[in-house]
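Engineer: Below you'll find the structure I mean.
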Amino acid sequence: MRPAIMIIPALRMTALMAALSLAGCAFAPPAKPPASPSPAHYTAEPTPADSAKVDGVAQHFSLGERAVPEWWREYGNDTLNAWVEEGLRNNPSLTSTKHTLEAAHQLLRAQIGANMLPSLDAQAQSSRQRALGFPSFGPPTNLYDVYAGQLALSYNFDVFGATRHGIEQTAAQVDQQSYEFDAAKRSLAANIVIAAINAASLEEQVRTTEQLSKLAHQQADLTVHAHGLGAASQDDVLSLQQQAASVDTSLPPLRAQAQKARHALAVLLGRTPDQAPANLTLSDLHLPENVPVSVPSDLLHQRPDILAAEAAVHAASAKVGVATANLFPQISLSATLGTEGFKPSSLFTSAGSVWSAGLSLTQPIFHGGELIAKRKAAIASYNASIADYQQTVLNAFQNVADTLTALDQDALTLQAAHVQAESARQSFGNADARYRLGAVSYPSMVLSEQHWQNARLTEIQARAARLADTAALFQAMGTPQGTALAEKSRR
């Protein structure tokens with residue numbers, strides 16, 4: 001019974017090989033993922049072509065335009081441009097990714113050289129040997145030297161494509177790493193821009209909150225004085241002292257956030273935190289007025305994460321090809337040509353020449369189901385890569401949709417915050433003028449300034465959010481293929 005049991009897997013494998021031979025395309029599934037959805041627009045509701053107008057400027061979302069390679073230059077600040085270039089040049093994480101990509105390129109070249117071309121090696125040998133002699137003639141043992149020199153040639157015939165698919169798999173993995181490097185570069189640029197905006201915003205928030213703290217203490221001191229004159233109650237004093245203490249409590253964590261933002265920016269640039277650059281101001285940054293929004297079909301060829309997922313599908317397809325080809329015979333050629341002798345002087349004579357040549361064929365018969373299981377595992381990995389690609393596409397669409405929505409709402413928020421801050425500023429100006437004429441009290445003028453500073457705080461946060469979300473949308477668009485940035489990523 002046992003021999004019959006062992007024959008059954010062999011027959012199954014033979015049948016599988018015959019079927020695959022009749023359908024050569026079945027060695028590997030399609031290297032391209034299936035067609036992705038192409039939505040009419042990114043968001044649930046169509047995004048307006050222009051945002052709300054603030055400071056006389058409305059951002060325009062140019063649907064169908066190509067992504068901008070060096071988009072950070074749209075902010076119109078030379079210092080910011082220099083920071084991004086410094087980070088792309090000096091950031092250790094990006095440098096590590098670059099060297100890892102170079103290593104992958106070299107390993108691919110090594111694999112091509114080792115598997116696609118014959119290998120030729122020169123060998124030399126010198127040995128002293130002791131052998132038994134004949135019992136009736138001469139000494140019982142013989143001592144002699146052997147010298148040999150030869151060239152060894154070997155080559156594996158890639159009849160069924162195992163080597164070709166293996167190289168194709170490695171090349172696709174290199175492509176995947178290349179796109180990931182491109183994504184890392186764009187993420188670093190976006191992180192530097194957003195960190196600079198965040199640091200500038202926090203510094204302005206700290207200054208505004210410090211002014212609020214000063215005004216709160218002034219108001220509390222005035223109320224203490226009024227209480228001494230009988231013009232204010234003790235509850236009024238305690239309430240205003242609590243308000244001043246509340247403002248003071250918010251200052252230390254805000255200062256810590258501002259310092260952390262500077263430290264984060266320094267590290268992104270490849271510096272130590274003590275060498276953090278001086279902050280920009282939000283007014284130093286020009287809001288990009290024209291923001292390109294690529295159509296969904298173009299986004300598939302611009303987003304590095306989507307292209308990396310596509311390369312992963314290609315690699316998984318080639319892996320199936322390798323696993324399938326391993327079910328078929330492996331044919332290899334080996335040959336040697338050299339000379340041997342018992343003396344060095346006899347090495348290069350015709351009498352000492354030796355050679356050999358051989359052709360070997362190995363056909364898997366029974367491996368306990370290993371080869372078939374590996375092929376099934378490769379097919380499962382391929383199907384998983386298809387699903388991962390589809391999810392990556394959906395995530396990219398969501399990323400663009402969320403960023404577009406955020407930018408649209410940022411404009412409305414900033415518009416309202418700007419109106420509020422401008423009204424509060426004018427109100428404070430009027431109160432200050434009336435106070436100088438003696439028409440209002442000093443506490444009323446201080447309260448008016450508090451309202452203005454609180455409105456300024458809201459406007460600062462809204463302005464920073466709009467600048468940062470604009471950077472996020474530029475990054476979400478990816479890199480148009482063929483640009484300098486994309487080409488640098490491939491090298």
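Engineer: Would you mention how many residues in the range 243-261 are open to solvent by less than 70 Å² (accessible area, probe 1.4 Å) and among the charged types (D, E, K, R)?
Structural biologist: Residues flagged as open to solvent by less than 70 Å² (accessible area, probe 1.4 Å) and among the charged types (D, E, K, R) within the range 243-261 amount to 1.
Engineer: For the range 58-88, give me each residue that is charged (D, E, K, R) and within 22 Å of the chain's Cα centre (by Cα).
Structural biologist: Matches in the range 58-88: Arg66, Glu70, Arg73, Glu85, Glu86.
Engineer: Given the criteria surrounded by fewer than 17 Cβ atoms within 10 Å (Cβ to Cβ) and touching a Pro at 6+ places or on another chain (Cβ under 9 Å), does Ala264 qualify?
Structural biologist: no
Engineer: Does Asn91 count as open to solvent by less than 60 Å² (accessible area, probe 1.4 Å) and more than 25 Å from Phe181 (Cα to Cα)?
Structural biologist: So Asn91 fails the test.
To keep it simple, each residue is scored yes or no on (1) open to solvent by 80 Å² or more (accessible area, probe 1.4 Å); (2) closer than 30 Å to His165 by Cα; (3) out of contact with any Leu (no Cβ under 6 Å at 6 or more places or on another chain).
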| residue | (1), (2), (3) |
| --- | --- |
| Asp388 | yes, yes, yes |
| Gln391 | yes, yes, yes |
| Asp402 | yes, no, yes |
| Ala406 | no, no, yes |
| Ala417 | no, no, yes |
| Glu422 | no, no, yes |
| Ala431 | no, no, yes |
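Engineer: Still on this structure, I have one more. Tell me yes or no: at least one residue of the range 359-378 is in a helix (DSSP H, G or I), open to solvent by 80 Å² or more (accessible area, probe 1.4 Å), in contact with a helix residue (DSSP H, G or I) (Cβ under 8 Å, 6 or more places away or on another chain) and more than 30 Å from Arg128 (Cα to Cα).
Structural biologist: Yes, the range 359-378 has at least one match.
Engineer: For Asn156, only one of the following conditions fails: (1) open to solvent by less than 30 Å² (accessible area, probe 1.4 Å); (2) closer than 20 Å to Asn326 by Cα. What is its number?
Structural biologist: For Asn156, the failing item is (1).
Engineer: Let me ask you something else. Do we have Ala231 as exposed (fewer than 15 other Cβ atoms within 10 Å of the Cβ) and more than 40 Å from the chain's Cα centre (by Cα) here?
Structural biologist: Against the criterion (exposed (fewer than 15 other Cβ atoms within 10 Å of the Cβ) and more than 40 Å from the chain's Cα centre (by Cα)), Ala231 qualifies.
Engineer: For the range 284-294, does any single residue satisfy the condition of being assigned to a helix (DSSP H, G or I) and open to solvent by 50 Å² or more (accessible area, probe 1.4 Å)?
Structural biologist: yes
The values are calculated or read from the model by the stated rules, or taken from the named source; none is laboratory data. This structure is a prediction, so every number in the text was calculated from the model and none was measured. Using ideal geometry, Cβ is built from the backbone for each residue, glycine included, and neighbour counts are taken over all protein chains shown. We work out accessible area using only protein heavy atoms, side chains counted, and drop any ligands, DNA or RNA first. Shrake-Rupley method; radii C 1.70, N 1.55, O 1.52, S 1.80 Å.
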